[in-house]
Amino acid sequence: MNLVITDSGLGGLSVCAQLMLLLNKCADSGLSAFTADDLHITYVNAVPSNELGYNSMSGREEQLATFDKILRNVKKLFAPNHIFVACGTLSVLLKDIQFKSNSLFKIEGILPIGLKQLLDSLHQNSQATVIIFATPTTIDAKTLQHELFNKGIAEKRIITQACPELATQISNDPEGSKVAEHIHHWVQQALRKLPSDYAAPLIVYLGCTHYSYRESLFHDAFLQEGFSEITLLNPNLAAAESLA
């Protein structure tokens, strides 16, 4: 089977790595005859150029046209059986992509996986508040927020924090020293939005696949602000498990 995993950058590579690890573990344990060798996995960076990312485009129309063109080229070049969009930003565009409606193969995004994580965690902790960190496009689309509202989650339990340029900063700062400052800044901004009567525990959702590379820095930032016990949700591993 030809599987294409795509992202607007390098965040989705963590999904690829986790998927390969899971497939090999299953094969080694004898739990499954399905191995990494049964899959031909191609990773596609769907950013059109280093100077132009989706969150810096003129608007949704340009984002849709760009991603649609890339998906059509992916089909021509790789003849996939399955395309998995390992990107929160691009996942919110999928429902309006013309290419998807004309495709005979499976194409899906990471957003429903993250939504399930959020719902499971919020239902297990009926008083908990969640902070969603994501790109401006993901936050502005309000897809996650609306789905949570529709599933009965009260609006006051949901805090959203857009983190402009954080994905790029993570990619460009392998040492992580500057990124730590940026993450701390966005954590502080998010915590200021908490209502005075918010109830613990606090759930933190990383809504961009790039953020998983610096999961520990999010933990550190919350610890510095006095939040030693948080539940951190990272959809990357769950995405890999869904593909395995």
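Please give the length that would be gained between Leu21 and Glu241 if that part of the chain were fully extended, namely 0.36 nm times their separation in residues minus their C-alpha to C-alpha distance (nm, one decimal).
Fully extending the segment from Leu21 to Glu241 adds 78.2 nm.
If r is the Cβ-Cβ distance from Lys116 to Glu165 and R0 is 35 Å, what FRET efficiency results, to the nearest 0.05? Could you put the intermediate results ahead of the total?
Details: r = 28 Å, r/R0 = 0.81.
Plugging the Cβ-Cβ distance into 1/(1 + (r/R0)^6) gives 0.80.
Determine one quarter of the surface area of the Cα convex hull of the chain, which equals its mean projected area, and express it in nm² to one decimal. Walk me through the numbers on the way to the answer.
Values: hull surface 56.3 nm².
Over all viewing directions, the chain projects a mean Cα-hull area of 14.1 nm².
Return one number: the angle in degrees, 0 to 90 and rounded to the nearest 10, between the long axis of the Cα atoms of helix 13-29 and the longest principal axis of the Cα atoms of the chain.
Roughly 70 degrees, rounded to the nearest 10.
Using Cβ contacts closer than 10 Å as the measure, can you line up Thr209, Thr6, Thr66 from fewest to most?
Thr66, Thr6, Thr209
Based on Cα positions only, what radius of gyration and what Dmax would you give for the stretch 111-235, in angstroms?
13.7, 41
Assign one of three labels to the stretch 46-116, namely rounded, prolate or oblate, based on the Cα gyration tensor with a ≥ b ≥ c the square roots of its eigenvalues; rounded applies when a/c is under 1.5, prolate when it is not and a/b is larger than b/c, and oblate otherwise.
On the way: a/c = 1.68, a/b = 1.18, b/c = 1.43.
Since a/c reaches 1.5 but b/c is at least a/b, the shape of the stretch 46-116 is classed as oblate.
Taking the Cα centre of the chain as origin, sum charge times position over the Cβ atoms of Lys and Arg (+1) and Asp and Glu (-1), and report the length of that vector in debye to the nearest 20.
Here the chain has a charge dipole of around 640 debye.
Would you work out which of Leu21, Ser58, Ser126 lies farthest towards the positive end of the dipole of the stretch 1-127, given +1 charges on the beta-carbon of Lys and Arg and -1 on that of Asp and Glu, about the Cα centre?
So the residue we want is Ser58.
Restricting to Cα pairs below 8 Å that are 6+ residues apart, what does the relative contact order work out to for the stretch 111-235? Please round to a whole percent.
34 percent
Looking at the stretch 111-235, how many pairs of lysines come closer than 27 Å at the Cα, when each pair is eight or more places apart or spans two chains?
10
Equivalent-ellipsoid semi-axes (√(5λ), Cα gyration tensor) for the stretch 2-110, whole Å, largest first?
Working through the eigenvalues yields semi-axes of 28, 15, 11 Å.
Counting other beta carbons within 10 Å of each residue's own, what order do His146, His184, His210 fall into, fewest first?
Placing the least packed residue first, the sequence is His146, His184, His210.
Does the stretch 47-192 come out rounded, prolate or oblate by the C-alpha gyration tensor, with a ≥ b ≥ c the root eigenvalues, rounded set by a/c under 1.5 and, if not, prolate when a/b is larger than b/c and oblate if not?
Here the stretch 47-192 falls in the oblate category.
Treating cross-link reach as a plain straight distance, find the lysines whose alpha-carbon is under 26 Å from the alpha-carbon of Lys75, omitting any fewer than eight places away in the same chain.
Qualifying lysines at Cα under 26 Å: Lys95, Lys100, Lys106.
Cα centroid distance between the stretch 159-194 and the stretch 107-122, in Å?
Measuring centre to centre over Cα atoms gives 22 Å.
What nm value, rounded to one decimal, do you get for the distance between Thr42 and Glu61 when each label is placed 7 Å out toward the C-beta?
3.1 nm
What's the extension gain from Tyr198 to His146 if we count 0.36 nm per residue and subtract their Cα-Cα distance?
Result for the pair: 16.7 nm of gain on full extension.
For the chain, with the dipole built from +1 on Lys and Arg beta-carbon atoms and -1 on Asp and Glu ones, taken about the Cα centre, which of Ile230, Ile83, Ile170 lies farthest toward the positive end?
It is Ile83, whose Cα lies furthest towards the positive end.
Let me check against my output: what whole-number percent is the relative contact order of the chain, with C-alpha pairs under 8 Å and at least 6 apart?
24 percent
Taken together, the values in this text are just the output of simple stated rules run on the coordinates, not laboratory data. Bear in mind that the values here come from a model prediction, so they are computed numbers and not experimental data. Glycine gets a Cβ as well: all are built from the backbone with ideal geometry, and neighbour counts include every protein chain shown.
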